[in-house]
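Colleague: Quick one: this structure, given as structure tokens, is what I'll be asking you about.
The values are calculated or read from the model by the stated rules, or taken from the named source; none is laboratory data. Keep in mind that this is a model prediction, so the values were computed, not measured. Positions of Cβ are generated from backbone atoms using ideal geometry, with glycine treated the same way; all protein chains shown enter the neighbour counts.
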Amino acid sequence: MSRYPTMPGILLGELFPNFEADTTSGRIKFHDFLGDSWGILFSHPADYTPVCTTELARAAKLTDEFKKRGVKMIALSIDSVEDHKNWSKDVMAYANEAGSPLPFPIIADEKRELSVQLGMLDPDERNKAGLPLTARCVFVIGPDKKLKLSILYPATTGRNFDEILRVIDSLQLTAQKKVATPVDWKPGEKVMVVPSLPDSEATALFPNGVTTKEMPSGKKYLRYTQI
Ligand code: BEZ
């Protein structure tokens, strides 16, 4: 039996809920908000908290990078739209862009309904009233509205947005080609042919050639190609 039999959440490959929510850009229906784009939803423990402020400022600075990849950004925190709007001014000041609007909306999940539905609450972090705060979730959603990636950090650890962009590059590449990206891969580096692809098809699919690393087992499973 599962240790958390009633724990909600969402698994890779599942359709992301088409929730409705109030945001700093008005009320949205999530699938309409995404349109045909990829999406990233990142949650925050609360407004006016130090780590969250640094994260949102960094995300704001990277707007063009997400745009380049066709990824729509949206944040979530458990405070009100009004709090989000006021906090956004601090965030943009921290990003050295005081007076500019935050370039993506923030969802106001005051009743924590969405946070519960998506399994985002961190039981170890609570506000003054004893209510649990949201963890730092990252959800990447594909154009088919299915969950492609989830990462869950506790409230006390800020995310690495370079890694998030790197992962999106891998997700988008591996959605198109029968490859997988090895440890610490960065765009432009060699990728690996997926194990399910027979050698005969791999040679035809990858015009730059496939190289195989010899292993003590004699098994030829480390196949590289350059995309
Ligand atoms: C923060 O964003 O700084 C934070 C929020 C909740 C717990 C710990 C840190």
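Colleague: What about Asn18, is it surrounded by fewer than 16 Cβ atoms within 10 Å (Cβ to Cβ), assigned to a loop (DSSP other than H, G, I, E, B) and modelled with pLDDT of 95 or more?
Modeller: yes
Colleague: Specify which of the listed residues (Val81, Val71) is surrounded by fewer than 20 Cβ atoms within 10 Å (Cβ to Cβ) and in contact with a strand residue (DSSP E or B) (Cβ under 6 Å, 6 or more places away or on another chain).
Modeller: Answer to the selection: Val81.
Colleague: Every residue in the stretch 21-52 that is within 16 Å of the ligand (Cβ to nearest atom), surrounded by fewer than 19 Cβ atoms within 10 Å (Cβ to Cβ) and within 20 Å of Ser100 (Cβ to Cβ), please.
Modeller: Result: Tyr48, single match.
Colleague: State all residues of the stretch 53-66 that are within 16 Å of the ligand (Cβ to nearest atom) and touching a residue at least 40 places away in the same chain (Cβ under 8 Å); if no residue qualifies, say none.
Modeller: Thr53, Thr54, Glu55, Leu56, Arg58, Ala59, Ala60
Colleague: Of the numbered conditions (1) modelled with pLDDT of 95 or more; (2) assigned to a loop (DSSP other than H, G, I, E, B), Leu171 satisfies every one except a single condition; which is it?
Modeller: (2)
Colleague: Confirm whether Ser77 is modelled with pLDDT of 95 or more, under 21 Å from Ala21 (Cβ atoms) and among the polar types (S, T, N, Q).
Modeller: Considered against the rule, which asks whether it is modelled with pLDDT of 95 or more, under 21 Å from Ala21 (Cβ atoms) and among the polar types (S, T, N, Q), Ser77 comes out as yes.
Colleague: Quick check on Glu14: is it touching a strand residue (DSSP E or B) at 6+ places or on another chain (Cβ under 8 Å) and without any contact (Cβ under 8 Å) to a residue 24 or more places away in the chain?
Modeller: no
Colleague: Further, regarding this structure: In this structure, does Ala95 turn out to be more than 20 Å from the chain's Cα centre (by Cα), surrounded by 14 or more Cβ atoms within 10 Å (Cβ to Cβ) and over 30 Å from Gly130 (Cα atoms)?
Modeller: When the stated conditions are applied, Ala95 passes them.
Colleague: Contact list please: Cβ distance under 6 Å, first residue in the stretch 150-177 and in contact (Cβ under 8 Å) with a residue 40 or more places away in the chain, second residue part of a loop (DSSP other than H, G, I, E, B) and of a type in the set (Lys, Arg), pairs at least six apart or on different chains.
Modeller: Here the result reads Ile168/Arg69, each pair linking the stretch 150-177 to a residue that is part of a loop (DSSP other than H, G, I, E, B) and of a type in the set (Lys, Arg).
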